[in-house]
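Everything on this sheet refers to the single structure shown next.
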Amino acid sequence: MTQEFLDSKQYTELSILRYEAIYGHNYISPGGEKVADEFINTLDLREGLRVLDIGCGVGGPAFRMASKSGVHVHGIDLSSNMIRIAKTRLKEEELNKMISFTQANCLELETYEEYHVIHSRDVFLHISDKNRLFEVIRSILVSGGQLGFSDYCLGATKPSPEFKGYLQERNYSLLNIEDYTTLLKKAGFTNIIGKDKTLLFIKILEKELNNLETAPLNKKDKSSMRKSWKEKLKRAQSKEQGWAWFTASRD
């Protein structure tokens, strides 16, 4: 996955605003602020801790972590469009002393910077070299530090040709929960927990489909997003595609 692909294809500025119309202001992940809070509550956040938000998007979770828990957040995203919008939103939120945003590739992070917590939401599917990903993440976590991430996963059902085509078109690299757990163990993480959240994902998709009807979008955009959401819902219901939350620690 490259910055050029993200900015010119999936995450153009217009596309980002469309996603926000469904997920909510400052959010581009399933469930918006409500689910962001639920996920953040799985992390051991305390005032003064340093948090790295990988794939920070337009800043929603970073704003919540800083304002709710008093942590210092450094958000990074490969998409320059995301970072540009996030920096604008940061001024609006008036959290400049708590949060910074940088356009960066998480696979190329310098190891001299260490964090107490690393947070990421539905980002790792963009990264094919997950061995390298977890190696880098572990290297920048302090001893006893925590990793928490959610991601789209492969389900129990064999992927259909249509789903395989979708993954290829998006350059997505999906694993199942067991494969993620194995990779985390291989990278040296402990206290690994992987929770299947597909049923919650289905409920979120159904709710977002309903919200789409009153979203501030034109008919063409609504039609396109309705089709996309229904396809995701069908894949989740047929167990081709899943959604999972993971936490793990560095000794």
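The values are calculated or read from the model by the stated rules, or taken from the named source; none is laboratory data. Everything quoted here is computed from the prediction, not taken from an experiment. Neighbour counts are summed over all protein chains in view; Cβ atoms, including those assigned to glycine, are modelled from backbone coordinates with ideal geometry. Keep in mind that these areas ignore ligands, DNA and RNA; they rest on the heavy atoms of the full protein, side chains included. Shrake-Rupley method; radii C 1.70, N 1.55, O 1.52, S 1.80 Å.
Here are the numbers:
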item: Any pair with Cβ under 8 angstrom, 6 or more apart, that starts in segment 23-39 at a residue that is within 13 Å of R121 (Cα to Cα) and ends at one that is of a type in the set (K, R) and open to solvent by 40 Å² or more (accessible area, probe 1.4 Å); result: E33/R64; A36/R64; D37/R64; D37/K68
item: Residue in segment 217-236 that is more than 18 Å from F39 (Cα to Cα) and not in a helix (DSSP H, G or I) present; result: yes
item: Residue check for G144: in contact (Cβ under 8 Å) with a residue 24 or more places away in the chain, closer than 25 Å to H74 by Cα and touching a helix residue (DSSP H, G or I) at 6+ places or on another chain (Cβ under 9 Å); result: no
item: Close pairs from segment 229-251: first at positive phi, partner not basic (K, R), Cβ under 7 Å, at least 6 apart; result: K239/G155; K239/A156; K239/T157
item: Some residue of segment 18-36 being modelled with pLDDT of 95 or more and over 25 Å from D221 (Cβ atoms); result: no
item: Among residues of segment 22-64, those that are open to solvent by less than 10 Å² (accessible area, probe 1.4 Å), under 21 Å from V136 (Cβ atoms) and assigned to a helix (DSSP H, G or I), counted; result: 1
item: Selection within segment 65-76 - of a type outside the set (G, A, S) and open to solvent by 20 Å² or more (accessible area, probe 1.4 Å); result: K68, H72, H74
item: Residue match in segment 176-185 (condition: out of contact with any helix residue (DSSP H, G or I) (no Cβ under 7 Å at 6 or more places or on another chain), at negative phi, among the hydroxyl-bearing types (S, T, Y) and open to solvent by 40 Å² or more (accessible area, probe 1.4 Å)); result: yes
item: Sole exception among (1) closer than 17 Å to G31 by Cα; (2) within 19 Å of the chain's Cα centre (by Cα); (3) open to solvent by 30 Å² or more (accessible area, probe 1.4 Å); (4) of a type outside the set (G, A, S) for R170, by number; result: (1)
item: Residue match in segment 120-139 (condition: under 14 Å from S249 (Cα atoms), part of a loop (DSSP other than H, G, I, E, B) and either open to solvent by 20 Å² or more (accessible area, probe 1.4 Å) or not hydroxyl-bearing (S, T, Y) (or both)); result: no
item: Tally, over segment 164-191, of residues that are aromatic (F, W, Y), closer than 11 Å to F134 by Cβ and assigned to a helix (DSSP H, G or I); result: 1
item: Residues of segment 140-153 satisfying the condition of being open to solvent by less than 10 Å² (accessible area, probe 1.4 Å) and of a type in the set (A, V, I, L, M, F, W, C); result: I140, L141, L147, F149, C153
